[in-house]
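The values are calculated or read from the model by the stated rules, or taken from the named source; none is laboratory data. Keep in mind that what you see is a predicted model, and the values were worked out from it rather than measured. Positions of Cβ are generated from backbone atoms using ideal geometry, with glycine treated the same way; all protein chains shown enter the neighbour counts. Quick note on the areas: whole protein, heavy atoms, side chains included, nothing else; ligands and nucleic acids left out. Shrake-Rupley method; radii C 1.70, N 1.55, O 1.52, S 1.80 Å.
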Amino acid sequence: MAAVYSAADTHLKQLAYQHILTVEQFTPEVLESLFGLAQRMDRQVETGHTEPLLANRVIANAFYEPSTRTDLSFQSATQRLGGRVISTAGGVQYSSVTKGESLHDTIKTIDCYADAIVLRHPTRGSAREAAEAADALRMSLHRPTPIINAGDGTGEHPTQALLDLYTIKDRFGANIDGLTIGFLGDLRNGRTVHSLIKLLAIDHCHVKVVCIAPESLSMPSEYVEFARSREMPVEETQDLQEAIGGLDVLYVTRVQRERFVAQEMDDLSAKVYGMPVDALDAQRKDALRPLAEQNAAQEYLAARDTYVVDPMMLSQARKNMILLHPLPRVNAIPEEVDTDDRAYYFRQVQNGLYIRMALLASVLDCLR
Amino acid sequence: MAAVYSAADTHLKQLAYQHILTVEQFTPEVLESLFGLAQRMDRQVETGHTEPLLANRVIANAFYEPSTRTDLSFQSATQRLGGRVISTAGGVQYSSVTKGESLHDTIKTIDCYADAIVLRHPTRGSAREAAEAADALRMSLHRPTPIINAGDGTGEHPTQALLDLYTIKDRFGANIDGLTIGFLGDLRNGRTVHSLIKLLAIDHCHVKVVCIAPESLSMPSEYVEFARSREMPVEETQDLQEAIGGLDVLYVTRVQRERFVAQEMDDLSAKVYGMPVDALDAQRKDALRPLAEQNAAQEYLAARDTYVVDPMMLSQARKNMILLHPLPRVNAIPEEVDTDDRAYYFRQVQNGLYIRMALLASVLDCLR
Amino acid sequence: MAAVYSAADTHLKQLAYQHILTVEQFTPEVLESLFGLAQRMDRQVETGHTEPLLANRVIANAFYEPSTRTDLSFQSATQRLGGRVISTAGGVQYSSVTKGESLHDTIKTIDCYADAIVLRHPTRGSAREAAEAADALRMSLHRPTPIINAGDGTGEHPTQALLDLYTIKDRFGANIDGLTIGFLGDLRNGRTVHSLIKLLAIDHCHVKVVCIAPESLSMPSEYVEFARSREMPVEETQDLQEAIGGLDVLYVTRVQRERFVAQEMDDLSAKVYGMPVDALDAQRKDALRPLAEQNAAQEYLAARDTYVVDPMMLSQARKNMILLHPLPRVNAIPEEVDTDDRAYYFRQVQNGLYIRMALLASVLDCLR
């Protein structure tokens, strides 16, 4: 096979031996090259002939919480390219950590065994902490061990945002100027939509964003302002029915009952005790919970039912709209929608593989 | 090495990209070719020179319940042939599934990462459900992702039946006409014996089957009739002592205390409440349990002690009989029997590796 | 690359297809060759060009208790050399074993799938038991399946001792005669220091050992005598402050609160009931526990605080001393020490990889 990478891929050199912690690291040039590489990965996987770019490389999957999708996706991405996986198999928390080891020490240890570390952790900021640990260990060596953030709690999940944007461009072309992209569901807590709205802005996409959510789950203003400050218009509405006809992309997220309860707990705590819920002792928290659950129930059911994208709802959407979801979808999209040509969420899953292959090859400087 | 597969292996083409859900899919011709291939796998593993038939292939082990033996066997089979494994490591249930994802969606997701999926699941019928999900996803593509049923609750476990039959032929030759094959233990609930008796009939083996079990654990009539309708005589007895001298193969299964209790629960529920135990509420079930356990205890101990194959019992068996067990054996066969030449259950384990290698290579159309 | 192994590596032939159960199997000649091979592995990993010595080999990681560090280290060692890993992923105890399968049977099963088995087990003596099972299965074959003890409860953890000694020689040269090596912390229960003191004696190192521990956690006399009988002087003290200035190596181990409680339970049981604590029924044990915990608390805190190796303490140590720890370190060494050139514990982790690579290649007779 002839050389696969064009001169433009020199941009990917910028990723070599870099930690991947946040979407803010990317530039439009790097994104373009990365997506081009992902497209080549797609073709190679489809024809069954992938290049062993990661031969002799060992990637560690360090998962502090289980995540079947992300775990398997990185396992496959590594191995499709001939690399090897060492894996904690969801077991980190049962072992070193229960003996009281710090994240720093665990990362430094795994660093000794692997060429890159894919980290999934429930705590925001842990990916950056891990990167610091890896840097501290490798100060004296020329080759650092990159940390790839595969989700750190309410923080970031950059490879998800990359695959989301890639999927939109995979469908509408590299230039997506003029598209209208709707975000639906729990926009307050949805890590994936936060990262994607930022990435769209970073990529200088001239798209319009429509945020569709109940008031209590609306997009945090920091992200709205981030977008607007980069000349990306953002509209907000609660009415899916009204909005859907104008969308080219509808990105759905899960509405979780527990989020409403947490919101109610916050509100009640402020009213009753005059302090945030995190400042309460366990007893007081327990006392508030039944009332919070009752208050939350109605709002949750309303949101859940309002924001279901079923064939009826889809009938009002454009014929060439695409429907995205980071999965698991639970009730948000019924299975009967899967046969609709606009259902693009499993294509998203596939694209996740290609993006991760492209990213691993770039980060480990294995392009040739 | 010269071409390994003979012209007869064209039968294996029938397995290419097929789901392997039940023993009923197999024909005598396919079985013969598959067993021939397994024998070649045996020779290759023993000499340490296996062909990388599965190079560039990724097989997913999706285990919804742990099964060390089956899991490791498929992991080894894949890797002995140069393939790669991605694995949920018993973690499916802790992750996506607890977030409420359906089996359909999980399978469609894994389908995006792998070339074949080995599924272990506690629920009967789940393998077929997974196959439907994979087919739905791949409707538009020419290469579907085969699902291999590695045990679905009380349903089937086809690779176990294949390795069982292969082991018998490995010992007695391809033509086993005239053999007498005994099944011992819990024939009511033993998934492996159900599949094997069907496979013997499907393969048109002119063997006689002797079912040796306590009345409450006897072979369900559907399997007896399946065999008889294919001109395979089936005898039933409770007396191992009497039967053992006439056997060429003795296939032992575990007798589990819990099975007797369940049976008693059924009987008591019918007598006391006039309805099946599944229709009872939790409180009524709890009320019946102590009595059921007491009633079951004696029958369990009797069955357990009657059906132990120890050296004393073996002394009454033929010198060239072979003793099989799907393992774990617990109390059914004491360890002192292991040194007896008739102990064939670890040979069974080894054959499981060769059968799974042969099956994976066939299903992924990698023979050459 | 030219032939990597010198004529001296014929000593490693002695390890071919041997179980690795205890440090007592090693001789100075084998150690020298093994360490030479580990050094070559180090160079190969650093340059990114490892030889695929374990191609076509399948190694099973059978872990009956989780151990992230050891598990990942063996996974990486196998794969760095091109071998394949099959892994129970900490799941042995949830599967076959809960169905009542013996260690013997599980090992015989895994033996059918793998070329070597790395065993981690909480019970002392289980590695030897596993070796017996493997030998029993393979009586008729010429190639046995080696068991590698990766820690069996309070028994041995030979690869840890090997990497510890290798690290000392990696720093001070092959001839370490004249060094003074301090052991600090819980020397009574610390498996790693027991194995290392034995290995130093077996290797005929003319070093002096200083054991620094509170009285209740002092080095058991059997190890002290083992050393002295091989002309290796052993001093004992409780005073780290006094001892540290004379050391070339300080090997720190964790002081665990639970160990003090157990010791107090022993003492109290003898005083109150006149029998060992293991002979007590649960009720009596429970009755003693609060008093034991109270008595232990003070001693634990004193030991924990006395034996912290912080920058202040290090200021009294030699400039070229090295500080070792088997990890996790918890409170024993604060993170600020990591930037001190004497901090050698992550170098130990790295060396663990090289030692395990060297050992696997030797045991599987893959040197060429």
Kindly list the residues of the range C:244-281 that lie in the label zone of C:Ala287, defined by a backbone N under 17 Å from the point 7 Å along the Cα-to-C-beta vector.
-> C:265-281
Please give the solvent-accessible surface of C:Val118 in Å², to the nearest 10, using a probe radius of 1.4 Å with every protein chain present.
-> 0
Alpha-carbon Debye profile of the range C:12-53, log10 I(q)/I(0) at 0.17, 0.20, 0.21, 0.22 Å⁻¹ | -0.57, -0.73, -0.77, -0.81
Report the net charge of residues surrounding B:Ile322, where surrounding means a beta-carbon distance below 13 angstrom and charges are Lys +1, Arg +1, Asp -1, Glu -1.
-> +1
Long-range HN-HN contacts of C:Gly182 with modeled amide H, under 5 Å = C:Val210, C:Asp248, C:Val249, C:Leu250, C:Tyr251
So what's the gap between the Cα centers of the range B:229-294 and the range A:329-368, to the nearest angstrom?
-> 48
Nearest-0.05 FRET efficiency for B:Thr27 and B:Thr339 at R0 = 41 Å, using Cβ-Cβ distance, is 0.60
Selection from A:Pro326, A:Cys112, A:Ile168, by position along the positive dipole direction of chain A (Cβ) | A:Cys112
Rg and Dmax of the range C:244-368, Cα atoms, in Å?
-> 20.6, 63
At 1.4 Å probe size, with every protein chain present, just tell me what the per residue accessible area of chain B comes to in Å².
-> 39
How do C:His325, A:His206, A:His121 stack up against each other in accessible area, from largest to smallest, with a 1.4 angstrom probe?
-> A:His206, A:His121, C:His325
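Once you charge only the Cβ atoms, +1 for Lys and Arg and -1 for Asp and Glu, what is the size of the charge dipole of the protein assembly as shown about its Cα centre, to the nearest 20 debye?
Dipole about the Cα centre, nearest 20: 2020 debye.
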Partner chain coverage, peptide B:341-351 - average Cβ within 10 angstrom | 2
In Hz, Karplus ³J(HN,Hα) per residue of the range B:184-197 (6.51, -1.76, 1.60; θ = phi - 60°; x = Gly, Pro) | 10, x, 8, 7, 6, 9, x, 4, 5, 6, 4, 5, 5, 5
Give, ordered by residue number, each residue of the range B:102-150 whose 1.4 Å probe accessible area is reduced by a minimum of 40 Å² on adding the remaining protein chains to the chain alone.
-> B:Asp105, B:Lys108, B:Thr109, B:Cys112, B:Tyr113
Hey, for C:Leu291 with labels 7 Å out along Cα-Cβ, what do the inter-copy distances come to in nm, ordered shortest first?
-> 4.9, 5.0
On a C-alpha basis, how far is the centre of the range B:102-148 from the centre of the range B:187-225 in Å? Whole number, if you could?
-> 29
Report Rg (one decimal) and Dmax (nearest whole number) for chain C, counting Cα atoms only, units Å.
-> 21.5, 70
Largest-first ellipsoid semi-axes for the range A:110-216, taking √(5λ) over the Cα gyration tensor eigenvalues, angstrom = 32, 18, 10
Debye sum, Cα scatterers, the range B:208-272, no solvent: what log₁₀ I/I(0) at q = 0.21 1/Å?
-> -0.97
Enumerate the amide H contacts of C:Glu236 below 5 Å, restricted to partners 5 or more residues apart or on another chain; note that Pro and chain-start residues carry no placed amide H.
-> C:Cys211
With a 1.4 Å probe on protein heavy atoms only, work out how much accessible surface C and B bury together, total over both chains, in Å² to the nearest 100.
-> 2500
The range C:242-307 - percent of accessible surface contributed by carbon and sulfur, probe 1.4 Å = 46
In whole angstrom, how long is each semi-axis of the equivalent ellipsoid of the protein assembly as shown, when you take the square root of 5 times every eigenvalue of its Cα gyration tensor and sort them from largest down?
-> 44, 44, 33
For A:Lys13, inter-copy label-point distances (7 Å, Cα→Cβ), nm, shortest first, read 5.1, 5.1
Calculated over the range B:310-362: convex hull of Cα atoms, volume per residue (Å³) | 79
Percentage relative contact order, chain C, counting C-alpha pairs under 8 Å, at least six apart | 20
How about B:Lys13: which lysines have a C-alpha closer than 28 Å to its C-alpha, ignoring those fewer than 8 places off in the same chain?
-> B:Lys108, B:Lys169, B:Lys198
So which lysines can B:Lys271 reach, going by Cα to Cα under 21 Å and dropping same-chain residues fewer than 8 places off?
-> B:Lys285
If you add up the charges near B:Gln160, with Lys and Arg at +1 and Asp and Glu at -1, over every other residue whose beta carbon is less than 14 angstrom from its beta carbon, what do you get?
-> +2
State, in angstrom, two size descriptors of the range B:179-307 derived from its alpha carbons: Rg to one decimal place and Dmax to the nearest whole number.
-> 16.6, 51
With every protein chain present, what accessible area does C:Glu29 have (1.4 Å probe, heavy atoms only), rounded to the nearest 10 Å²?
-> 90
